[in-house]
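Reading through the structure tokens given below for one structure.
What follows is calculated from the coordinates using simple rules that are stated; it is not laboratory data. In this text, all values refer to a predicted model and were calculated from it rather than measured experimentally. We place every Cβ from the backbone using ideal geometry, glycine too, and count neighbours over all the protein chains shown.
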Amino acid sequence: MTPKQLKTHKSLITQVHTSTRYKNYYKENRDAYEEMLYNAFGKRSSKALHVTELIQLVSYLNMQTDALPVFQFKCCTPSQAWKITTLWEQKARDKSVLALLSFCKRITKRECESIATLRVDEAKNILIALQKLQ
């Protein structure tokens, strides 16, 4: 980023942390703040947001707009799902689907109905964890 963009970014971050909604609710509830960012922008930190996303966030937190956009997550690819199940069958002691879903829950920190419902980033993290298994 250019120095001017960095200055704008820093200014918007300051506006986020001094906004009405942030001070009244999200300052005390960090988990809810991260979840809101993740659902709206797919990121867990305001520092990772682009300037246009920060403008939307500031507008929402200052109660100028009613809602944030909903981030569209991409589901894991068929090749990722195949790789996850293949690695699981090779490395796990309990090769059941229930055990695999339990493992996925431990890695992703959320309940999964099936491997196909995993998001791309979650599938990557699960593949990394499976490759580290002995």
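Taking other Cβ within 10 Å of each residue's Cβ, how do 70, 120, 58 sort, fewest first?
On the way: 70 9, 120 12, 58 21.
Listing 70, 120, 58 from fewest to most nearby Cβ atoms yields 70, 120, 58.
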So how do 126, 115, 55, 107 line up by other beta-carbon neighbours within 10 Å, fewest first?
55, 107, 115, 126
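From Cα pairs below 8 angstrom and at least 6 apart in sequence, can you work out the relative contact order of the stretch 1-75, rounded to a whole percent? Mind showing how you got there, number by number?
Values: 63 pairs, mean separation 25.9, N = 75.
That works out to 35 percent.
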For the pair residue 133/residue 75, report the inter-label distance in nm, with labels modelled 7 Å from Cα in the Cβ direction.
2.3 nm
Run the dipole for the chain about the Cα centre, Lys and Arg Cβ at +1, Asp and Glu Cβ at -1, nothing else charged, and hand back the magnitude in debye, nearest 20.
520 debye
May I ask you to list the aspartates and glutamates whose Cα is less than 18 Å away from that of residue 47, ignoring any residue fewer than eight positions away on the same chain?
31, 34, 35
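Please say if the stretch 1-56 is rounded, prolate or oblate, where rounded means a/c under 1.5 for a ≥ b ≥ c the square roots of the C-alpha gyration tensor eigenvalues, and otherwise the choice is prolate for a/b larger than b/c and oblate otherwise?
Values: a/c = 2.62, a/b = 1.53, b/c = 1.71.
Because a/c hits 1.5 or more and a/b fails to exceed b/c, the stretch 1-56 counts as oblate.
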DSSP loop chymotrypsin sites (Phe, Trp or Tyr not before Pro) in the stretch 1-104 with at most 16 other Cβ atoms within 10 Å of their Cβ, which ones?
71, 73
Which order do 119, 93, 110 fall in if you start with the one that has the fewest other Cβ atoms within 10 Å?
93, 110, 119
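Please go through the residue pairs 74/132; 43/124; 27/105; 10/74 and name each one whose alpha carbons sit more than 20 Å apart in this structure. Before the final figure, lay out each step's value.
Numbers: 74/132 25 Å; 43/124 16 Å; 27/105 27 Å; 10/74 30 Å.
Violating the 20 Å limit, Cα to Cα: 74/132; 27/105; 10/74.
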Using only Cα atoms and rounding to the nearest 10 degrees, what angle (0 to 90) does helix 3-17 make with the longest principal axis of the chain?
90 degrees
Specify the angular offset, from 0 to 90 degrees and rounded to the nearest 10, of the alpha carbon long axis of helix 51-61 from the longest principal axis of the alpha carbons in the chain.
80 degrees
Gyration tensor on Cα atoms of the stretch 78-132, a ≥ b ≥ c root eigenvalues, a/c under 1.5 rounded, else prolate if a/b beats b/c, else oblate, says rounded
Name the longest site-free stretch of the chain, where the excluded sites are GluC sites (Glu not before Pro) in a DSSP loop with no more than 16 other beta-carbon atoms within 10 Å.
29-110
Derived scalar couplings ³J(HN,Hα) [the stretch 104-115; Karplus, 6.51 cos²θ - 1.76 cosθ + 1.60; whole Hz; x for Gly, Pro]:
4, 5, 5, 7, 8, 6, 8, 6, 10, 7, 7, 5
Rounded to the nearest 10 degrees, the helix 30-41 long axis (Cα) sits at an angle to the longest Cα principal axis of the chain of 90 degrees
